[in-house]
Amino acid sequence: TQRPLVDHNLVGREADLEWLQQTSGDRLLVGQPGCGKTFLLRHLVMQEWGLFLVDTDKMAIADAIRSQRPQVIIIDDAHDNPQLLSDLCQLRREIDAEFSIVATSWQGDMEKIAMAMCLTSSQIRELDLLTRDQIVEVVRKAGLAGPVQLVHEILNQADGRPGLAVTLALLCLQGDTDDVFYGDALSRSISVTFQRLVGHAVNEILAVFSLGGDQGMPLDLVAEFLGISLGQLHNLMVRLAAGGVLREGYQGN
């Protein structure tokens, strides 16, 4: 993960932790970027519950499975590399290994990943956003106690996502207070997260949509402003919507 990981207890994820520990077989953990999927799984990995898959070479993976014999193999952000998920499933059959796969994905990719893993609804867990009080606790555990206006701004920007709250809090502790307060750090975080999927157009797309404020912008106007077709814009929006950055709205006459 490109997000910082801090060593403190989980906040507001007790039920999700219990589900991961008690559910057998392959599982899928779903949530928006920054909602804490990786941190939750890291908490379990530190207890020798499983291992993250950090290689894409099938031979290297097979050798690691034989030597380390993990009970659980985690594919974080499976939506980034669906082929890796297919390769691991195939490899499990080929070498007759016994391990379960736990994958994470964004909400917009849930059905695609669940279908690839042949999962039932009982094997899928969607992470809820945390309450403001819980995010305050996350920020304080990260080491930031104030000033009150800064913590309030982090609450607004994080919008229930503990991973993002930790990132912003640690940036403040490193001296980047102004960047966090005025939203520059959040803008960079979004750009880094989505550029590998959408390309550098992500900044221009979000900037145009932001002109409409809470009411949003009609797709045809956005496409015209950016000089691209509606089809191209739709393909880009699918990735942004999957990550929870955009949502579709309707206006009555």
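The values are calculated or read from the model by the stated rules, or taken from the named source; none is laboratory data. Keep in mind that this is a model prediction, so the values were computed, not measured. Using ideal geometry, Cβ is built from the backbone for each residue, glycine included, and neighbour counts are taken over all protein chains shown. Surface areas here come from the heavy atoms of the whole protein model, side chains and all, with no ligands, DNA or RNA. Shrake-Rupley method; radii C 1.70, N 1.55, O 1.52, S 1.80 Å.
With a 1.4 Å probe and all protein chains kept in place, how much accessible area does Thr167 have, in Å² rounded to the nearest 10?
Looks like 20 Å² after rounding.
What are the principal axis extents of the Cα atoms in the chain, in Å, biggest first?
56, 47, 33
Roughly how many nanometres apart are two label points built 7 Å out from the Cα toward the Cβ at Ser24 and Ser210?
5.0
Principal axes first, then extents: for the Cα atoms of region 31-134, list largest minus smallest coordinate on each axis, whole Å, largest first.
46, 29, 23
Need the C-alpha centroid separation for region 8-61 versus region 173-188, integer Å.
28
If you roll a 1.4 Å probe over the heavy atoms of the protein chains, what accessible area per residue do you get for the chain, in Å²?
Ligands and nucleic acids excluded, the result is 55 Å² per residue.
With labels modelled as points extended 7 Å from the Cα through the Cβ direction, what inter-label distance (nm, one decimal) is found for Ala145 paired with Gln90?
Once both label points are built, they end up 5.6 nm from each other.
Counting C-alpha atoms alone, how compact is region 87-155: give Rg to one decimal and Dmax as a whole number, in angstrom.
19.2, 57
Per the 1.4 Å probe, what fraction of the accessible area of the chain, in percent, lies on carbon and sulfur atoms?
That share works out to 49 percent.
Kindly write out, for region 35-44 in residue order, the coupling ³J(HN,Hα) from the Karplus curve 6.51 cos²θ - 1.76 cosθ + 1.60 (θ = phi - 60°), rounded to whole Hz, with x marking Gly and Pro.
Ordered by residue, 3J(HN,Hα) equals 8, x, 4, 5, 5, 4, 5, 4, 4, 6 Hz.
Enumerate the calculated ³J(HN,Hα) couplings along region 48-60 in order (Karplus 6.51 cos²θ - 1.76 cosθ + 1.60, θ = phi - 60°), each rounded to whole Hz, writing x wherever the residue is Gly or Pro.
Residue by residue, region 48-60 yields 6, 7, x, 9, 6, 7, 10, 9, 10, 7, 4, 5, 5 Hz.
Hey, what number do you get for the chain at 222 nm if only DSSP H runs of n ≥ 4 count, each worth -39500 (n - 2.57), divided across all residues, to the nearest 500?
Rounded to the nearest 500, it is -15500 deg cm²/dmol.
Under the Karplus relation 6.51 cos²θ - 1.76 cosθ + 1.60, θ = phi - 60°, what is the ordered set of whole-Hz ³J(HN,Hα) values for region 168-181, x standing for Gly and Pro?
Coupling constants for region 168-181: 5, 5, 5, 4, 4, 5, 8, x, 8, 4, 4, 4, 6, 4 Hz.
Taking amide hydrogens as modeled 1.01 Å from N in the peptide plane, which residues meet the under 5 Å criterion relative to Ile74, leaving out close sequence neighbours?
Those qualifying (amide H under 5 Å, at least 5 residues apart or on another chain) are Leu51, Phe52, Leu53, Val102.
State, to one decimal in nm, how far the label point of Phe225 lies from the label point of Arg188, with both points 7 Å from Cα in the Cβ direction.
A separation of 2.6 nm, rounded to one decimal place.
Using every Cα-Cα pair within region 1-76, state what percent have a distance larger than 14 Å.
Summing the P(r) tail past 14 Å for region 1-76 gives 65 percent.
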